[in-house]
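Bear in mind these aren't lab numbers, they're just calculated from the coordinates by the rules spelled out. Keep in mind the model is a prediction, meaning the values are calculated, not measured. Please note: Cβ atoms are built from the backbone with ideal geometry, for glycine as well, and neighbour counts cover all protein chains shown.
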Amino acid sequence: MLKPAVLVARAIFPEVLQTLQQHFEVTDNQADVLFDKEQLALSAKGVDGILTTGSERVDAALLAACPGLKICANMAVGYNNFDLAAMTSAGVLATNTPDVLTETTADFGFALILATARRMAEGEHFLRAGLWNRWRYDMFAGAEVHGSTLGILGMGRIGQAVARRGAHGFGMRVIYHNRSRLDAATEASCAARFVSKQDLLQQADHLILVLPYTAESHHAIGASELAQMKPTATLVNIARGGIVDDAALAAALKAGALAAAGLDVFEGEPRVHPDLLALSNVVLTPHIASATIQTRRAMAQLAADNLIGFLLHGKALTPLNGLR
Ligand code: DGY
């Protein structure tokens, strides 16, 4: 029997690729060429499934170019690279990789909170530049983390994991805002209190963004939201670029309206707004919040298992859209 055909759109772990090769006719991209729209459509022509990452956009144009496509398995929990409505109406299943990255991503979020509040990147750059010649009472004196107020915008699985770290590990007072309020038991397990977005902005000493990127969350943090925050506060974004208006953030940081920011994601990444690059009170990392070997392997394996489950047995493990 002919094996289904699958495109793996980016380089992945060789052992996961081997698993896919046992079940499918695989076109790989271990050279990790970044496909533009046309190259992606050309490479995906005739395939039954694609293993995508956040870099590949699956929209109506791609779906029209690939009429035989049945599933796109994203190696990411976020899926703003998918036009889910277009996929559903084309009868193409979408899957993502939830759960396997929750704790790892929360660890990184907390690392950014600490690095930002305690000015670790600034201190390191100073030292590497050979500028350290004495101890001084106020050198890189930052903001307290333990015992402060942690604000969380977006309270899904990762937000809850960040809350647990803050409340139980660092004795923080945790407040959150989310589209819908958590049930009482979940709130109690995170020791987190639901507040309005305005209260969150005004009360947080450290605000972390962990919400999905959608049309509604575009620039959820812009000039007017930043103006409501304490000038001593820090902001961390581990969610998606576009949730923060990066130009407005750079202006607020420059004006001293906000103490510091830690950013793992950027509008239009991998480009970074030049005004952010010019500032010292930002910690910048290249979209690596889920990047441990173990977690990235688990994400790749779950994406592969979704392809295998759906194309060979008719059932994916973590579907995003119901198909008729
Ligand atoms: C995710 O899983 O959404 C991460 O941002 C990796 O892309």
Taking the stretch 83-118, which residues are assigned to a helix (DSSP H, G or I) and within 11 Å of the ligand (Cβ to nearest atom)?
THR102, THR104, THR105, PHE108
Of these, VAL6, VAL26, VAL33, which one is more than 20 Å from ALA215 (Cα to Cα), in contact (Cβ under 8 Å) with a residue 40 or more places away in the chain and of a type in the set (A, V, I, L, M, F, W, C)?
VAL6
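For every residue, the table says whether it meets (1) in a loop (DSSP other than H, G, I, E, B); (2) under 17 Å from THR52 (Cβ atoms).
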site: GLY242; (1), (2): yes, no
site: ALA248; (1), (2): no, no
site: LEU253; (1), (2): no, no
site: VAL272; (1), (2): yes, no
site: LEU276; (1), (2): no, no
site: HIS287; (1), (2): yes, yes
site: ARG296; (1), (2): no, yes
Go through the residues of the stretch 276-284 one by one and say whether even a single one is of a type in the set (Ser, Thr, Tyr) and crowded, with 19+ Cβ neighbours inside 10 Å.
no
Look through the stretch 34-54, keep the residues that are away from the ligand (no atom under 16 Å from the Cβ) and closer than 23 Å to LEU323 by Cβ, and return whichever of them is surrounded by the most Cβ atoms within 10 Å (Cβ to Cβ).
GLY49
Residues (more than 14 Å from the ligand (Cβ to nearest atom) and of a type outside the set (A, V, I, L, M, F, W, C)) located in the stretch 55-82:
ASP59, PRO67, GLY68, LYS70
Looking at this structure, is ALA31 touching a Cys at 6+ places or on another chain (Cβ under 8 Å) and away from the ligand (no atom under 16 Å from the Cβ)?
no
So GLU225 clears everything in (1) in contact with a helix residue (DSSP H, G or I) (Cβ under 7 Å, 6 or more places away or on another chain); (2) of a type in the set (D, E, K, R); (3) part of a loop (DSSP other than H, G, I, E, B) except one condition, right? Which one?
(3)
When residues of the stretch 64-89 are limited to those that are free of Cβ contacts under 8 Å to residues at least 24 places away in the same chain and under 23 Å from the mean Cα position of the chain (by Cα), the one nearest to ALA316 (Cα to Cα):
CYS72
Search result, residues across the stretch 256-290 that are without any contact (Cβ under 8 Å) to a residue 40 or more places away in the chain, within 12 Å of the ligand (Cβ to nearest atom) and aliphatic (A, V, I, L, M)
VAL265
